[in-house]
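The values are calculated or read from the model by the stated rules, or taken from the named source; none is laboratory data. All of these numbers come straight from a predicted model, not from anything done at the bench. Don't worry about glycine lacking a Cβ; one is built from the backbone with ideal geometry, like all the others, and counts go over all protein chains shown. Ligands, DNA and RNA are stripped out before the accessible areas are found, and what is left, the full protein with its side chains, is counted by its heavy atoms. Shrake-Rupley method; radii C 1.70, N 1.55, O 1.52, S 1.80 Å.
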Amino acid sequence: MSNKTLRLILGDQLNTQHSWYASVNPNITYVMMEIRSETDYANHHIQKVLGFFAAMRHFAQWLASQNHQVIYIRLNDVENAQSFSANCKNLIEEHHYTKFEYQLPDEWRVDQHLKEFAAELNIETAVADTEHFYSTRTELSDIFKGKKMYLMETFYRHMRKKHFVLMDDQMQPLNGKWNFDGDNREKLPRHHVPVRPLLFSNDLTDIEVDLKQEGVKTIGTVDSKNFIWPVNRLQALTLMDYFMKNCLKFFGTFQDAMAPGEWSLYHSRLSFAMNVKMISPDEVVKSAISYYNKHQEQIAFHQLEGFVRQIIGWREYMRGIYWMKMPDYSSMNYFGHTDKLPEWYWTGKTKMHCMKQAITQSLDHAYAHHIQRLMVTGNFALLAGVHPDEVDAWYLGIYIDAIEWVEITNTRGMSQFADGGIVGTKPYISSATYINKMSSYCSGCYYDKSKKTGHKSCPFNSLYWNFYDRHEKLLSGNPRIGMMYHVLNRMPAEERTALLEQAQYYLEHINEL
Ligand SMILES: Cc1cc2nc3c(=O)[nH]c(=O)nc-3n(C[C@H](O)[C@H](O)[C@H](O)COP(=O)(O)OP(=O)(O)OC[C@H]3O[C@@H](n4cnc5c(N)ncnc54)[C@H](O)[C@@H]3O)c2cc1C
Ligand code: SF4
C-alpha cells in the first residue's frame with residue numbers, strides 16, 4: 001500500500017508561511033472543515049463565525065492555487081459529520097490514508113479531542129508545531145519553575161533578550177529602560193480627531209446564508225456585504241501597514257483613551273489576523289521596528305516599545321499561563337462570585353454611558369479595545385460579583401479575536417482576578433474616577449460621576465467600595481491594596497453604610513441600570 005497522509009488544518013491555523021506548504025507532495029491531502037462543534041461551543045458573534053469561515057475558505061483556495069490537494073468540508077455538506085474526529089475518521093477509512101498529521105492546537109479542548117482521536121487510530125500519527133509563536137507552550141512554566149509569582153515583566157525581559165528585540169550590542173534594553181509606560185496613557189485631547197479605521201468590504205453574504213439555513217445561533221450584527229475584517233493574508237498585511245503608517249505614532253499615548261463613537265482609536269485591530277495566523281507576531285514586531293527605524297522623526301520610542309510589549313510580552317505570556325494552568329484555570333473563582341451578567345450586556349440598553357458605548361460597539365463590530373474590555377465591561381462585572389463562567393462566556397462569544405487561550409487568561413485572570421493573582425498582582429477595578437480620567441464618557445451620562453450615593457449617583461462608585469468591603473478578608477493583606485482599606489476603615493460609619501446600601505440597591509436593580 002502506498003503512503004498517503006491526511007493533514008488536518010484548524011480554523012485558527014491559517015499560516016501560509018508554514019513549512020508544511022514549502023513543497024507539493026501528491027501523497028499529502030489537507031483537510032479543513034466548518035463544523036458545528038466549533039460554531040456551537042460558545043454563542044459567537046456573527047462576525048466572528050463569518051470571519052473564521054471566510055478566512056478558512058480563502059486559505060483553502062490559496063492551498064489549491066499552490067497545487068496542494070485540499071478537501072474542504074462546508075457546514076452544510078451532506079457528508080459533514082460535524083466534528084474533527086468524525087470527519088477525519090470517515091476520510092481515513094474512505095481514502096485509506098496511512099498517516100494522520102495535525103498541528104498543535106491552541107485550545108486545550110481541541111488538543112484533548114485530537115490527542116484522544118490520534119491515540120485511537122491504528123495508523124501512524126504525528127503532530128507539528130504551528131510555527132507561529134515566539135515561545136513554546138512550556139517556555140513560561142520552565143522560566144518560572146519553583147517560583148510563586150509569574151511576573152509578566154520578567155517574562156517580557158526574557159523574550160526581549162532571547163529574540164534580541166529592542167536590545168543594544170551590550171544586551172541592554174535600547175534607550176536604557178525596559179518599559180516606557182510612564183510616557184504613555186493620555187486622555188484624548190478635546191478637539192483631537194483620531195485616524196479613521198481601515199475597513200475592508202468583503203462580500204460574505206453566501207456564508208451568512210449558510211449559517212442561517214443551518215440555524216447557527218449567533219449574537220451581534222453584521223453588514224455581510226461589506227465585512228470589515230481582513231479575511232486573507234493580503235488584507236492582513238494591508239491592515240498591518242495601515243497601522244504602521246497611521247497609528248503607531250500615537251499607539252502608546254492613547255492606548256488607554258476612550259471617547260464616545262471612537263471604537264478603535266490608534267489600536268491595530270490585528271488580533272484576529274494574528275490569532276488565526278494569517279500573519280505572525282514576528283512579522284508584526286519586525287514591521288513596527290522597521291517602520292520606526294525609518295521614521296524616527298515622527299515616532300517616539302515609547303510608542304514602539306509599548307506596542308512591541310503587547311505582542312512579545314502580553315500575548316506570549318498569556319499563552320504560557322494558559323498551558324501552565326489549564327484545565328484547572330477554567331474553573332477558578334477566587335472571590336466565589338455567583339451572580340448573572342445583567343441582561344443589557346447582550347443589548348447595550350443601559351443608561352451607563354461608558355457601558356453602553358463599550359457594549360454597543362462590541363455588538364456592532366465584534367471589537368472593543370483593551371481598556372474598554374478591562375476597565376469598563378470587565379470592571380463592572382467584577383464589581384457586580386458576576387460568576388466568572390458567565391463573564392468568560394460573554395467574552396468568548398462577542399469578540400472576533402476570542403480564542404480560549406487568550407480570552408480566558410485575560411478574562412478570568414487579568415480582568416476578574418478569579419485566579420487569585422496568577423496573572424495580575426491585584427484586581428483591576430475602579431470607580432468613576434478612572435473612567436472619567438481616561439474618557440469623555442461621563443460628561444454625556446445619565447449618572448453623575450461625582451456622586452457616590454443617592455439619585456443618579458454613578459453605580460461604579462458605590463459598587464467599588466462595596467467590593468472592597470465584601471472581600472476584605474481576601475484583599476486587605478495585599479500590599480498593593482492596603483491603602484484602600486486604610487481609607488475604607490477610616491470612613492465615617494454613616495458614609496460607609498450609605499455606600500453599601502446604595503450598592504445593594506443597584507445590585508438588586510441591576511437590569512434597570
Ligand atoms: C477581559 C479581556 C478579554 C480579552 N479577550 C481577548 C481575546 O479573546 N483575544 C485576544 O486576542 N485578546 C483579548 N484581550 C486582550 C486585548 O484586549 C486584545 O488583544 C486587543 O484589544 C485586541 O485589539 P488590537 O488588535 O487592536 O490590539 P492592540 O491594542 O493594537 O495591541 C496589539 C496586539 O497586542 C496583543 N495584546 C495586547 N494586549 C494583550 C493581552 N492582554 N493579551 C494578549 N494579547 C494582547 C494583541 O495580539 C493585539 O492585537 C482581552 C483583554 C481583556 C481585558
Ligand atoms: S458617570 Fe459612571 S456610568 Fe456614567 S460614564 Fe461615567 S463612569 Fe460610566
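Structure data summary
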{"quantity": "Alpha carbon Rg of region 9-157, scaled by the compact-globule rule 2.2 N^0.38 Å", "calculated": "1.18"}
{"quantity": "Overall form of region 58-126 per C-alpha gyration tensor (a/c, 1.5; a/b vs b/c)", "calculated": "rounded"}
{"quantity": "Spacing of the two label points (7 Å from each Cα toward its C-beta) at GLU116 and HIS455, in nm", "calculated": "5.9 nm"}
{"quantity": "Debye, to nearest 20: dipole size of region 28-84, +1 on Lys, Arg Cβ, -1 on Asp, Glu Cβ", "calculated": "160 debye"}
{"quantity": "Dipole magnitude of region 272-312 about its Cα centre (Cβ charges: Lys, Arg +1; Asp, Glu -1), debye to nearest 20", "calculated": "80 debye"}
{"quantity": "Region 395-441: Cα Rg divided by the 2.2 N^0.38 Å rule of thumb", "calculated": "1.35"}
{"quantity": "Equivalent ellipsoid semi-axes - Cα gyration tensor, region 134-195, angstrom", "calculated": "30, 17, 12"}
{"quantity": "Selection from THR433, ALA418, HIS471 lying farthest towards where the dipole of the chain points positive, charges on Cβ", "calculated": "THR433"}
{"quantity": "Length-normalised contact order of region 450-513 in % [C-alpha pairs under 8 Å, at least 6 apart]", "calculated": "37 percent"}
{"quantity": "Furthest towards positive pole of dipole, GLY397, HIS158, THR138, structure part the chain, Cβ charges", "calculated": "HIS158"}
{"quantity": "For region 342-416, alpha-carbon Rg relative to the globular expectation (2.2 N^0.38 Å, N residues)", "calculated": "0.97"}
{"quantity": "Net dipole in debye of the chain [+1 Lys, Arg Cβ; -1 Asp, Glu Cβ; about Cα centre; nearest 20]", "calculated": "1560 debye"}
{"quantity": "Region 292-366 versus region 235-279: alpha-carbon centroid distance in Å", "calculated": "14 Å"}
{"quantity": "Ordering of 183-195, 54-66 by packing [mean C-beta count within 10 Å, highest first]", "calculated": "54-66, 183-195"}
{"quantity": "Fraction of accessible area attributable to carbon and sulfur, the chain (%, probe 1.4 Å)", "calculated": "51 percent"}
{"quantity": "Rounded Å value of the spacing that divides the Cα centres of region 142-178 and region 68-97", "calculated": "44 Å"}
{"quantity": "Environment charge of TYR41, counting only residues whose C-beta is closer than 11 Å and scoring Lys/Arg +1, Asp/Glu -1", "calculated": "-2"}
{"quantity": "Reciprocal mean inverse distance between Cα atoms of region 208-296 - Kirkwood radius, Å", "calculated": "15.1 Å"}
{"quantity": "Rounded Å value of the spacing that divides the Cα centres of region 468-513 and region 1-66", "calculated": "50 Å"}
{"quantity": "Hull volume in cubic angstrom per residue (convex hull over the Cα atoms of region 326-368)", "calculated": "115 Å³"}
{"quantity": "Mean Cβ count within 10 Å, highest first, over the residues of peptides 319-328, 138-147", "calculated": "319-328, 138-147"}
{"quantity": "Amide N of region 323-341 lying under 18 Å from the label point, which is placed 7 angstrom from the Cα of SER476 along Cα→Cβ", "calculated": "335"}
{"quantity": "Rh (Kirkwood; distinct C-alpha pairs) - region 12-56, Å", "calculated": "12.7 Å"}
{"quantity": "Accessible area (Å², per residue) of the chain, counting only protein heavy atoms and a probe of 1.4 Å", "calculated": "42 Å²"}
{"quantity": "Kirkwood estimate for region 444-497, i.e. one over the average of 1/r between Cα atoms, Å", "calculated": "12.2 Å"}
{"quantity": "Extension reserve of the ARG74-THR98 stretch, reckoned as 0.36 nm per residue once the Cα distance is removed", "calculated": "6.2 nm"}
{"quantity": "Local electrostatic count, ARG185, Cβ distance below 14 Å [Lys/Arg +1, Asp/Glu -1]", "calculated": "-2"}
{"quantity": "D_trans [Stokes-Einstein, Kirkwood Rh over alpha-carbon pairs] for region 277-429, 20 °C, 1.002 mPa s, µm² s⁻¹", "calculated": "129 µm²/s"}
{"quantity": "Computed Rg/Rh of the chain, alpha carbon atoms with Kirkwood Rh", "calculated": "0.98"}
{"quantity": "Rel. contact order, % - alpha carbon contacts under 8 angstrom, at least six apart, the chain", "calculated": "16 percent"}
